[in-house]
Amino acid sequence: MAARILEGRVFAQKFKEDAGTKAAELKEKYGIAPGLAVIIVGENPASQVYVRNKHKSCEELGIYSEVISMPEDTTKEALLEKIDALNGDSKIHGILVQLPLPKQIAADEPEILNRIDPAKDVDGFHPVNVGRLVTGEDALVPCTPAGCIRMLELADIPMDGKHAVVIGRSNIVGKPMFHLLLSKNATVTVCHSHTANLAEITREADILVAAIGKPNFVTADMVKPGAAVIDVGINRIAPKKLVGDVDFEQVKEVAGAITPVPGGVGLLTVAMLMQNVVKAMEMQMKR
Ligand code: NDP
């Protein structure tokens, strides 16, 4: 039997509705809307599209949004100064620096991201938030893995007591996914490029998360019949053709549930960012 298709837009819509409702409640209670500032340095066309989408989502949901465009030749000092100003700006509850940074400051990325007040770190990349996630405290969590977990919950796919396998161990996806699945009482295995007998491990997975960055890497023989397969990968294989890390056509015949690419996890990320902005304001107001 072919798998249930987990359509990203359905879940993204729900995340956005929830964020919009909470944004209105916060505005009512405190007299100010949640606010997001996005800093974009340079002219990277893909980044410009991402930033526009974030701004548009904020506008739709009643979240205040500022886009700060800085020139390609921005220095580290100028960027840090801007972050400091936003850290102290009471209209702004969430700050993010759009990546990648131009080459003259690319190596300074950790220092730049760590300058963001952890309370406003809506990307969840700051070591304070990473630490809170690991210790199980309330944290701002990276949007993509947080969105995947919320989608599994809304889709009634059980995690408690299940074996989850994550392929990929990046700080943005794989590692936070590991901690989030663990917090849902899954037994979690993380695989990476040095993992031996990968297919043997993935075939044990009730929940298989692919965050690799290799087109159609996960094939049907790597998937347990009935498993939930979450494809985080976004790979451009032709100017207008995106595919995931999972061979969707093959794997959907084996899996119990699967996310498509495009139209799956990719749509969750901005919607989850909206939830993080609202959550950041809630946390700041309680301080
Ligand atoms: P990274 O390149 O940072 O990490 C890739 C991971 O895959 C690494 O841990 C690497 O292992 C592992 N890997 C690579 N080759 C293999 C292999 N042959 N076998 C097993 N593991 C392997 O990527 P990201 O985590 O940032 O992103 C992963 C994918 O998700 C990309 O396609 C990216 O575009 C997409 N993405 C999508 C988002 C969305 O909104 N939907 C958001 C973020 C990312 P090792 O550590 O050993 O090198």
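The values are calculated or read from the model by the stated rules, or taken from the named source; none is laboratory data. Everything numeric here is computed off the predicted structure, so don't read it as measured data. Positions of Cβ are generated from backbone atoms using ideal geometry, with glycine treated the same way; all protein chains shown enter the neighbour counts. Ligands, DNA and RNA are excluded from the accessible area calculation, which covers all protein heavy atoms including side chains. Shrake-Rupley method; radii C 1.70, N 1.55, O 1.52, S 1.80 Å.
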Exercise for review: List every residue pair whose Cβ atoms lie under 7 Å apart, where the two residues are 6 or more positions apart in sequence or sit on different chains, the first residue falls within the range 242-266 and is more than 15 Å from Lys214 (Cα to Cα), and the second residue, located anywhere, is open to solvent by 40 Å² or more (accessible area, probe 1.4 Å) and within 11 Å of the ligand (Cβ to nearest atom).
Suggested key: Gly266/Ile234
Study note, to complete from the structure: Filtering the range 122-139 down to residues that are of a type in the set (Val, Ile, Thr), open to solvent by 70 Å² or more (accessible area, probe 1.4 Å) and touching a residue at least 60 places away in the same chain (Cβ under 8 Å) yields none
Check your understanding: Take the residues of the range 152-185 that are within 16 Å of the ligand (Cβ to nearest atom) and among the polar types (S, T, N, Q): which is surrounded by the fewest Cβ atoms within 10 Å (Cβ to Cβ)?
Key -> Asn171
Check your understanding: Inside the range 230-279, can you point out the residues that are among the β-branched types (Val, Ile, Thr), within 14 Å of the ligand (Cβ to nearest atom) and not in a helix (DSSP H, G or I)?
Key -> Ile230, Val232, Ile234, Ile237, Val243, Val246, Thr259, Val261
Review point. Got at least one residue in the range 154-167 being part of a helix (DSSP H, G or I), aliphatic (A, V, I, L, M) and in the same structural domain as Gly263 (by TED's automatic domain parsing)?
Key: yes
**Study point:** Any chance Val218 is surrounded by 22 or more Cβ atoms within 10 Å (Cβ to Cβ) and out of contact with any Lys or Arg (no Cβ under 8 Å at 6 or more places or on another chain)
**Key:** yes
Revision key, fill the gap. Among strands (runs of 3 or more DSSP E) completely within the range 19-118, the ones holding 2 or more residues that are open to solvent by less than 40 Å² (accessible area, probe 1.4 Å) and β-branched (Val, Ile, Thr) are 35-41, 94-97
Review point. What residue, of Val134, Val188, Val141, is in a helix (DSSP H, G or I) and more than 10 Å from the ligand (Cβ to nearest atom)?
Key: Val134
Review point. Pairs, please: C-beta under 6 Å, at least 6 apart or cross-chain, first residue closer than 16 Å to Thr269 by Cβ and in the range 155-175, second outside any strand (DSSP E or B) and of a type in the set (Val, Ile, Thr)?
Key: Gly168/Ile212; Val173/Thr144; Val173/Val232
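Which residues, counting only those in the range 191-207, are within 8 Å of the ligand (Cβ to nearest atom) and either among the polar types (S, T, N, Q) or crowded, with 16+ Cβ neighbours inside 10 Å (or both)?
Cys191, Ser193, Thr195, Leu198, listed by residue number.
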**Study point:** The lone exception for Gly147 - which of (1) within 14 Å of the ligand (Cβ to nearest atom); (2) in the same structural domain as Glu249 (by TED's automatic domain parsing); (3) free of Cβ contacts under 8 Å to residues at least 60 places away in the same chain it fails
**Key:** (3)
Review point. Which of the residues that make up the range 244-266 are surrounded by fewer than 21 Cβ atoms within 10 Å (Cβ to Cβ) and either within 16 Å of Pro225 (Cβ to Cβ) or aliphatic (A, V, I, L, M) (or both)?
Key: Asp247, Gln250, Lys252, Glu253, Val254, Gly256, Ala257
